[in-house]
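Engineer: Pasting a structure here, questions to come.
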């Protein structure tokens, strides 16, 4: 293995791209256009949620001929009727934390024993809600549901409303994220990974295809450079552009779109780098199966879009059919998304996301070996 | 010193095509050897086998005394493929410097020398995609020569090159021979062949006949090489039938 030769290949790849300013402009501008449009759309979306209820309310006598009332139970019942996108689960105080951490529920509402009595006394509904918080869509959506349910419940209790409409407040606690987290905060981490993956894949598969069709690959094979040196050289050259692109995307999402991040940007970068390395080799590997640049473009729906759909970026893996979930975990992008989300939303450090980082590194190595192999097969023909 | 090239009974099958049928040949150092034959005769497969790009089904190839395929000896071999095989986005200088660096050339002056040799010094900073076909061909030749190889394989090197430049090329090939460098040139143009020290007629994956241009004409009893080729091709075919 010669680091000299690897370096020369990397430098050549960089010089080639540098000679193509239009491609560079596209690399840098397209993500910003797409992120801006997606950002607007994403901030206006709703979803289905699961709510855990800790029911301890002992009820109270409302008087005025109404008799005994349990507002906690009534509120729970009307929450499930105001929207069919809400699933109610009954929890105990002991099981609630775990359910929240495992993301089995999106939020936990606690009705304390004196809940009804307090509402009567204070003429105000004060709700304790703990949000899982990493998906801000759920938090916003639930807030609306609770408000509607509260109004409906009280409408049935004319006595209370007859006097005055009670004030409704929600005391929210977040396991991750926070009240000012929105949908974009949830979707930005996978978006950051997605662009690097998409561009590096397209660029490497096309440039490697050209290397085959113009005969330069054959010429390279008549020099002392080995297949592995060539693949690693390619990897280094393209990772430079991938990192420049990540830097711009990250800067734009954090400073312009004001997406929140809790963890270290260095770890985010490391994940991006590994993702780029993986994508370079995936691109080289798939270029073997294409005879023209048109065919490379047709690999995008197969290799890129399918992977994005399965990667948990938009649809949670836990919500997929059981048989599909292992397939999702076979996608390199899934691991990158999980790691990016854990770091940016939950503030996890490198050790906590190590399984994902290692998996991504493993995929990169696997594809290095696979693509080096396919080059040899080409030579054998 | 070992011969520049030894090819021993090399056989190569592709899907349904018998490209090389037990071809053998020997090339001593310091000469220009011409591989002559029509398209599809097996010249390109033979050159690819010599370079180790194609592994023969049987038989062996020794390039500069080393059994191919062998990565290390490639540093001492130059190759100019039939297609120009250059990076279009890069300049002439970047292309030549890249292939030079891969072959371990550290002296930047060698890159300039190779470019001057093919008379592209005025276009060194032009991108390859802006060059004419002949200029690309010259750039490709510079890439094959820049690391000063001992054995050079040229697959149809003068296709698309104007006559004046062709003369220049052959002058340079001659100087390389004097320095002990061996050239193997494939061609289907007969007048090109006149300039080679030794010729091999290749047809259907075998070597029909071998010798200098005048020897071959004499043996065939024909005034031109073209007719000599046809003579050997027919006799070879009849010999096969008798056998």
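Engineer: After finding the eigenvalues of the alpha carbon gyration tensor for chain B, what semi-axes result from the square roots of 5 times each, listed largest first in whole Å?
Structural biologist: Over the Cα atoms of chain B, the semi-axes work out to 31, 20, 16 Å.
Engineer: Assuming R0 = 45 Å, what is the FRET efficiency of residue B:126 and residue A:315, from their Cβ-Cβ distance, to the nearest 0.05?
Structural biologist: Once the sixth-power term is evaluated, E becomes 0.30.
Engineer: Starting with the fewest neighbours, write out A:79, A:344 ranked by other beta-carbon atoms found within 10 Å of each beta-carbon.
Structural biologist: Lowest count first: A:79, A:344.
Engineer: What fraction of the DSSP beta bridges in chain B is antiparallel, stated in percent and rounded to the nearest 5?
Structural biologist: Roughly 55 percent of the DSSP beta bridges within chain B come out antiparallel.
Engineer: What base-10 log of the normalised intensity I(q)/I(0) is obtained for segment A:179-246 from the Debye formula, alpha carbons as equal point scatterers, at q = 0.20, 0.24 Å⁻¹?
Structural biologist: Computed log10 I(q)/I(0) values: -0.87, -1.05.
Engineer: Gaussian network model of chain B, Cα springs within a sub-10 Å range: biggest mean-square fluctuation belongs to which of B:221, B:22, B:78?
Structural biologist: B:221
Engineer: Take residue B:164 and residue A:369, extend 7 Å from each Cα along the Cα→Cβ direction, and tell me the distance between the two endpoints in nm.
Structural biologist: 5.8 nm
Engineer: Working from the alpha-carbon coordinates of segment A:186-327, get Rg over Rh, Rh being the Kirkwood radius.
Structural biologist: So for segment A:186-327, dividing Rg by the Kirkwood Rh gives 1.03.
Engineer: Let me ask something else about it. Note down the nm distance, to one decimal, between modelled labels 7 Å out along Cα→Cβ at residue A:104 and at residue A:298.
Structural biologist: My value for the distance between the label points is 4.8 nm.
Engineer: Over the Cα atoms of the protein assembly as shown, what is the Rg over Rh ratio if Rh follows Kirkwood?
Structural biologist: A ratio of 1.23.
Engineer: For segment B:78-132 and segment A:238-286, write down the distance between their C-alpha centroids in whole Å.
Structural biologist: Here the answer is 35 Å between Cα centres.
Engineer: Could you check how many percent of all C-alpha pairs in segment B:79-220 are farther apart than 27 Å?
Structural biologist: 24 percent
Engineer: Please give the FRET efficiency for residue A:243 paired with residue A:92, using the beta carbon to beta carbon distance and R0 = 45 Å, rounded to the nearest 0.05.
Structural biologist: Computed FRET efficiency for residue A:243 and residue A:92 comes out at 0.40.
Engineer: For Cα pairs less than 8 Å apart in space and 6+ apart in sequence, what is the mean separation divided by the residue count of chain A, i.e. the relative contact order in percent?
Structural biologist: So the answer I get is 19 percent.
Engineer: Just grab the label-to-label distance for residue B:13 and residue B:113, each label 7 Å out from Cα along the Cβ direction, in nm (one decimal).
Structural biologist: With each label placed 7 Å out from Cα toward Cβ, I get 4.7 nm.
Engineer: What is the ratio of the Cα radius of gyration of segment B:26-112 to 2.2 N^0.38 Å, with N the residue count, to two decimals?
Structural biologist: 1.27
Engineer: Using the count of nearby Cβ atoms within 10 Å as a rough guide to exposure, how do A:346, B:15 rank from fewest to most?
Structural biologist: B:15, A:346
Engineer: Could you give the radius of gyration (one decimal) and Dmax (whole number) of the Cα atoms in segment A:248-381, in Å?
Structural biologist: Cα radius of gyration and Dmax of segment A:248-381 are 16.5, 53 Å respectively.
Engineer: Considering every Cα-Cα pair within segment A:90-144, what fraction, in whole percent, is farther apart than 12 Å?
Structural biologist: 67 percent
Engineer: When each pair of different Cα atoms in segment A:1-125 is counted once in the 1/r mean, what is the Kirkwood radius in angstroms, to one decimal?
Structural biologist: The Cα-based Kirkwood calculation yields 20.1 Å.
Engineer: Rounded to the nearest 5, what % of DSSP beta bridges with both residues in chain A are antiparallel?
Structural biologist: Roughly 25 percent of the DSSP beta bridges within chain A come out antiparallel.
Engineer: To the nearest µm²/s, what D does Stokes-Einstein give for segment B:58-109 at 25 °C and 0.890 mPa s, using the Kirkwood radius over alpha carbon pairs as Rh?
Structural biologist: 187 µm²/s
We did not get these values from a lab; they are worked out from the coordinates using the rules stated. Fair warning: this is a prediction, and the values are worked out from it, not measured in the lab. Heads up, the Cβs are rebuilt from the backbone with ideal geometry, glycines too, and the neighbour counts pull from every protein chain shown.
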